[in-house]
Amino acid sequence: MRHLVAAGARHSVGVDDGGRVVHAGAASSGEGLVDGLTGIVSVAAGSVHLEANTGRSHTVALRVDGTAVATGWDAHGQCDVNSWTRLVAVAAGWRRTVGVRADGRAVASGRRTDGACDVEIWRDVADAARGDWHTVGLRDDGTVLAVGNDSRGQCEVAEWQGIVSVSAGSLHTVGLTAAGRIVFAGACCGAEEEMAAQGDVVSVAAGSHHTVALRSALLRQSPRRWRRRRRSVRRRRMDRRGGHRRGRRTHPRSRR
């Protein structure tokens, strides 16, 4: 999956209409050195585990020709992506970078001690997501793979089916089914059952310790709510100016 914007803990990156990368926020580790990056179709921002690395991060960009470029914190080789080719997706985690190739294979660079880079054996992968210590892969058939730290069960996704998108937080994994249902693995915010029961979800994203879901019902209601809000604002403005009252125009000075 391609992303035109990405958010790290202390910086944000995006792709403008000309395929150039733009940056806002922290740049002390070089994650903001994106000037001159052109022909970009997707970006990823490395997550940050603040307790250990004091906020250092990196930025990864996917070029239109299927190659990748990375800038920023590279203590574990997470920016060593120059040799990657035929990519269709990239993801950036804490101290690592993951790429998905057009043939469904995955590649990774960065810290390997926690197993989150052990993705080379994956096949038929369509997309990837990164948590702080684990990596999740979405396969073409709607099943899910996960490697890395499984201390809270965040990698227990083998039984998931019919998944159309995945996202990974610090200690949890979230999947969205084709039927619009959310499935969870690991430790989240304590409201998993309530969110899973709602359904009608069209997009889902995992933060470090929270999950956000967009429901199609909200999309349908938003225009109506906006129109009602706009009418309400207009009425208040007219009242302040002495507008229409009971079918006739009045003015504050005429009500003495």
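The values are calculated or read from the model by the stated rules, or taken from the named source; none is laboratory data. Keep in mind that what you see is a predicted model, and the values were worked out from it rather than measured. Note that each Cβ is placed from the backbone with ideal geometry, even for glycine, and that neighbours are counted across all protein chains shown. Ligands, DNA and RNA are stripped out before the accessible areas are found, and what is left, the full protein with its side chains, is counted by its heavy atoms. Shrake-Rupley method; radii C 1.70, N 1.55, O 1.52, S 1.80 Å.
Side notes on the structure shown:
- Evaluation of G99 against (1) open to solvent by less than 10 Å² (accessible area, probe 1.4 Å); (2) within 18 Å of A185 (Cβ to Cβ); (3) not acidic (D, E) (one fails), failing number: (2)
- Scanning segment 168-203 for residues that are open to solvent by less than 20 Å² (accessible area, probe 1.4 Å) and either under 19 Å from M1 (Cα atoms) or not in a strand (DSSP E or B) (or both) yields A168, G169, S170, T173, V174, G175, L176, G180, I182, G199, V201.
- In summary, strands (runs of 3 or more DSSP E) completely within segment 109-159 and bearing 3 or more residues that are out of contact with any Gly (no Cβ under 7 Å at 6 or more places or on another chain) and free of Cβ contacts under 8 Å to residues at least 40 places away in the same chain occur at 134-139.
- Residue that is nearest to V164 (Cα to Cα) [pool: residues in segment 130-148 that are among the small types (G, A, S) and modelled with pLDDT of 95 or more]: G142
- W160 vs. criteria surrounded by 15 or more Cβ atoms within 10 Å (Cβ to Cβ) and under 27 Å from D80 (Cβ atoms): no
- Selection status of V43, touching a strand residue (DSSP E or B) at 6+ places or on another chain (Cβ under 6 Å), open to solvent by 10 Å² or more (accessible area, probe 1.4 Å) and modelled with pLDDT of 95 or more: no
- Residues (surrounded by 16 or more Cβ atoms within 10 Å (Cβ to Cβ) and not in a loop (DSSP other than H, G, I, E, B)) located in segment 23-38: H23
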